[in-house]
Amino acid sequence: MTRLLVLQLDDQDPAARLGDWLTGAGAVLDVVKTYEQPLPGSLADHRGLVVLGGAMGALDDLDHPWLADVRKLLSHAVAKRVPTLAVCLGAQLLAAATGGQVRRGPHGPEVGVMLVAKRDVAGRDPLFADLPWTPDVLQFHQDEIALLPPTAELLASSPKYPNQAFRVGDVVYGVQFHIETTPEMVARWAQGAPELVATVPPARLDPERIERGHEDIREVWQPFAERFVRLAAGEVSVPRNLPLV
């Protein structure tokens with residue numbers, strides 16, 4: 001049994017399809033809603049960690065003091081080599097916890113179904129190697145990871161914001177984009193963030209485009225989620241200090 005700890009940081013961003021893919025691959029999910037439940041002090045009872053997204057900033061500790069505990073747990077995951085997948089805000093928290101920098105993106109928000117491009121080093125990564133070179137993702141952010149942690153490997157980029165996916169150490173991953181969403185979730189986010197949505201072309205959030213894009217995302221990222229479960233289960237061999245291509 002592969003038990004994963006899932007940190008839900010915002011009531012509007014549940015694990016959704018990602019949760020279905022993980023459980024379908026044999027994982028058991030322990031979901032902690034960090035805004036109303038205490039975090040465990042360690043990951044001793046879990047084989048892996050998933051940290052989801054949220055509307056707050058990665059350093060908004062004044063309004064969300066539990067963010068410091070999330071960063072501490074992410075740092076612990078790196079130190080203990082616990083397989084981790086951190087999504088959007090989760091990735092920003094991972095970067096901040098391990099020596100990177102997060103800020104408001106100077107080039108404006110990224111919103112909608114878009115492409116990212118794998119870097120060459122991703123071709124030898126246990127999770128990213130089998131992805132297409134330009135996978136579809138769902139973007140919905142206005143903050144960016146401006147500087148990766150010193151030990152991180154960049155795995156995917158986009159023209160607007162280059163630090164789209166990265167690995168810290170051997171088994172801890174951050175992705176700036178979303179793979180967990182449903183079209184309904186995106187519609188709710190757009191309704192709740194009119195100022196952000198007003199900065200992007202309306203076609204980006206066309207319902208039919210979002211629907212089609214989510215099917216493309218499923219085809220690419222469901223197998224990725226299944227590989228993550230196998231990684232957490234110890235079924236994927238990961239050499240220490242993965243080399244550059």
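Rounded, prolate or oblate for segment 107-175? Axes are the square roots of the Cα gyration tensor eigenvalues, ordered a ≥ b ≥ c, and the cut-off for rounded is a/c under 1.5. In terms of gyration-tensor shape, oblate. When a/c is below 1.5 the answer is rounded, else prolate if a/b is larger than b/c, else oblate, so apply that to the chain with a ≥ b ≥ c taken from the square roots of the Cα gyration tensor eigenvalues. Rounded. Among the lysines, which fall within straight-line cross-link reach of K33, defined as a Cα-Cα distance under 29 Å, with same-chain neighbours fewer than 8 residues apart omitted? K33 reaches K72, K80.
Extending 7 Å from the Cα toward the beta-carbon at both D61 and E208 defines two label points whose distance is 4.9 nm. Bridgeable lysines around K118 (alpha carbons under 22 Å apart, same-chain partners fewer than 8 residues away excluded): K160. Here the accessible area of the chain is 50 percent carbon and sulfur, with a 1.4 angstrom probe and all protein chains present.
The values are calculated or read from the model by the stated rules, or taken from the named source; none is laboratory data. Source: prediction; values computed, not measured. For neighbour counting, all protein chains shown are included, and Cβ atoms are generated from backbone atoms with ideal geometry for every residue, glycine included. In case anyone asks, the SASA skips ligands and DNA or RNA and just uses the protein heavy atoms, side chains included. Shrake-Rupley method; radii C 1.70, N 1.55, O 1.52, S 1.80 Å.
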